[in-house]
1. Express the carbon and sulfur contribution to the solvent-accessible surface of the stretch 32-93 as a percent, rounded to the nearest whole number, probe 1.4 angstrom.
2. What shape does the stretch 16-85 have by the C-alpha gyration tensor, where a ≥ b ≥ c are the square roots of the eigenvalues, rounded means a/c under 1.5, and otherwise prolate means a/b greater than b/c and oblate the rest?
3. Give the peptides 83-90, 42-49 in descending order of average Cβ contacts within 10 Å, highest first.
Amino acid sequence: MPTSTCYVACLDLIDNYYISRIIVPAPFRNQGFGTKLMEDICKDADDEGPTLEVHPTINYGSDIDRLRKFFERFGFKKDADGLYVRQPRQCST
């Protein structure tokens, strides 16, 4: 993964992590880099317990419907305020 060109900005809000942006430059899109980043973020959240929050926006060059579907694939649900929220999943042992 071209880690020097893809990044995630996240705010730690005690029990919640607010993902302010995930940026994958255009030449690297549609190659699974964003998916891999989100898989890692979700795994960490599941292990550590915070709720994930994100507000999809077109400010960084993607289509809003595509972003919403992307986050929904990882279990995010839209709340009444338009924020997409994902509760941590409990691992069965």
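1. It is 47 percent, rounded to a whole number.
2. Oblate, since a/c reaches 1.5 and b/c is not below a/b.
3. 83-90, 42-49
The values are calculated or read from the model by the stated rules, or taken from the named source; none is laboratory data. This is a predicted model, so every value here is computed, not measured. Counting neighbours? That spans all protein chains shown, and the Cβs are built from the backbone with ideal geometry, glycine included. Protein only, heavy atoms only, side chains kept; ligands, DNA and RNA dropped before computing areas. Shrake-Rupley method; radii C 1.70, N 1.55, O 1.52, S 1.80 Å.
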